[in-house]
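The next block holds one structure in the form of structure tokens; read it before the comments.
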Amino acid sequence: MYPTDGSACFIDVIDDIKINKINVQNESFRSSTEWNRNPQNSRFDIGEAMSSSYPSCCPSSSSFLRLQEKVALVTGGASGIGESIVRLFHKHGAKVCFADVQDNLAQEVLESFTGNPNVHYLHCDVTSEEDVSRAVDLTVDKFGTLDIMVNNAGISGIPCPDIRNVDMRDFEKVFNVNVKGLFHGMKHASRIMIPLKKGSIISICSVASTLGGLGPHAYTGSKHAVLGLTRNVAAELGKHGIRVNCVSPYAVPTGLSLAHLPENERTEDAMAGLRAFSGKQANLKGMELTASEVANAVLFLASDEARYVSGDNLMVDGGFSSSNHSFKVFR
């Protein structure tokens, strides 16, 4: 994604291109920008022009390390979306601690980094405030600070189509992980970030945070709560220069999607069936939402490119939540 603070410049360039003339007032800008015409369609190479004209603080190159020397803590980082976030953050120069209760999976992730000192694993049960507080403190002890907190740990709960049969123990478990656990992360990240007057807190939410009927009652209720907490905490922490956002993806085929099934039923066929169902219901056809694409959205919110974005629920749902699925004009 491109930085929002460059939008005025981008609009100006596009307008000039439309009328086929560019008025360059600054001679240094003229000499540093290469305007190449394509003889086949007489259009300027916008990407090249923009990459050379963007401010140095906001490079648009895909090779730019967007989290250089930043320190991040990612909960639920041993698999699925969390693992993708850990890998992408590391790729973009961050020092990353990731926390989870799945020690075996976490060890496999850690070993894949072949002893890289900038990736560290912490065992942490997010339902325990003591565990989360310790994870934050250990991250600071290990890497010196905390710039980015990603609350990714979450569970879906047991599907139950009849409210009369809901197991309240499962209901409480979902809220303990998805809401209480997330709030622990917000609270203790703030403890470090407030004195620094900066930081970014990002929570993984869901398309179920804005719509009903997409999941179990506990899961949907918990994700609505995540959105509410995101907005409320953003309202408090803005005065400290801390940004608070969440990302709401459409269905992502990960292990979490099948976690409610008995272990012997978590098969490739079951995952294929989930993919087929998700694809059929999706608004954006011809592609499948992956954990990597959700991680890209988190990367944007963690980076300086989103430095004036706070209190936002970034939908990564291919337009699903903006479509009326009971009445369709476009078929």
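Roughly speaking, what is the centre-to-centre gap between the stretch 72-102 and the stretch 156-176 when only Cα atoms are used, to the nearest Å? About 28 Å separates the Cα centre of the stretch 72-102 from the one of the stretch 156-176. Taking other C-beta atoms within 10 angstrom as a stand-in for reagent exposure, Met287, Met186 fall in the order Met287, Met186, fewest first. Pairs from the table (Lys95/Lys198; Lys70/Lys223; Lys187/Lys239; Lys91/Lys223; Lys70/Lys197) lying more than 19 angstrom apart at Cα are Lys70/Lys223; Lys91/Lys223. Here Val96, Val233, Val298, Val140 are placed in order of increasing Cβ neighbour count within 10 Å, fewest first, which gives Val140, Val233, Val96, Val298. Computed about its Cα centre, the charge dipole of the stretch 105-223 is approximately 460 debye, with only Lys, Arg, Asp and Glu carrying charge at their Cβ.
Sorting the segments 315-323, 106-114 by their mean number of nearby beta carbons within 10 angstrom, highest to lowest, gives 315-323, 106-114.
Rg and Dmax over the alpha-carbon atoms of the stretch 121-189 stand at 14.8, 50 Å.
None of the figures in this text is laboratory data; all of them are computed from the coordinates on show. As the structure is a computational prediction, the values presented were derived from the model and not from experiment. A quick note on method: Cβ atoms are made from the backbone with ideal geometry, for glycine too, and the neighbour counts reach across all protein chains shown.
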